[in-house]
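The values are calculated or read from the model by the stated rules, or taken from the named source; none is laboratory data. Owing to the predicted nature of the structure, the values given are computational and were not obtained by experimental measurement. Note: ideal-geometry Cβ built from the backbone for every residue, glycine included; neighbour counts use all protein chains shown.
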Amino acid sequence: MRLLLDTQAAYWWLQENRRLSPRAQRAIANARNTTSFSVIAIYEIALKVRRGLLTDIHALKFRNGLVADGFSPLALTADHMAKGGLQGWRNKDPWDRLYAAQAMAEGMMLVSIDEAFDELPLKRLW
């Protein structure tokens, strides 16, 4: 299974936070699965650090921590951007729209607590 972690799932994974569901934890830890994180997450975390909302070591070393855990960064492509912008979905959050576009375009299961994704034709794991 190919997994795409949203920002919250990736952050909770690095923190070993119990808010990450046991099902998501098992799937991420399963070596048979390929786990990726979007470059969106790096941008979101960097904004939170710059704004002073996050200052802990996990936030400052976010990307390196994910790579050290064997996860691959997923870049945004022109296709992702177009799908995100054109998606007929009432959710107006640009980051959510891009996560949805990436997951659908790449045939990945999105690991997210956000039930709003269930309105779309994508697979969400939580």
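What the table shows:
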quantity: Residue in the range 63-84 that is surrounded by 19 or more Cβ atoms within 10 Å (Cβ to Cβ) and modelled with pLDDT of 95 or more present; calculated: yes
quantity: Where a residue in the range 24-53 is free of Cβ contacts under 8 Å to residues at least 12 places away in the same chain and its partner, wherever it lies, is outside any helix (DSSP H, G or I), with Cβ under 7 Å and at least six apart; calculated: LYS48/LEU54; VAL49/THR55
quantity: The range 10-31 - residue that is of a type in the set (Gly, Ala, Ser) and outside any loop (DSSP other than H, G, I, E, B) and, of those, surrounded by the fewest Cβ atoms within 10 Å (Cβ to Cβ); calculated: ALA29
quantity: Test result for THR34, touching a strand residue (DSSP E or B) at 6+ places or on another chain (Cβ under 8 Å) and hydroxyl-bearing (Ser, Thr, Tyr); calculated: yes
quantity: Restricting the range 32-43 to residues that are modelled with pLDDT under 95 and surrounded by fewer than 19 Cβ atoms within 10 Å (Cβ to Cβ), the residue that is nearest to PRO73 (Cα to Cα); calculated: VAL39
quantity: Total residues in the range 85-105, condition surrounded by 15 or more Cβ atoms within 10 Å (Cβ to Cβ) and in a helix (DSSP H, G or I); calculated: 11
quantity: Residue within the range 98-105 that is closer than 23 Å to THR34 by Cβ and more than 14 Å from the chain's Cα centre (by Cα) present; calculated: yes
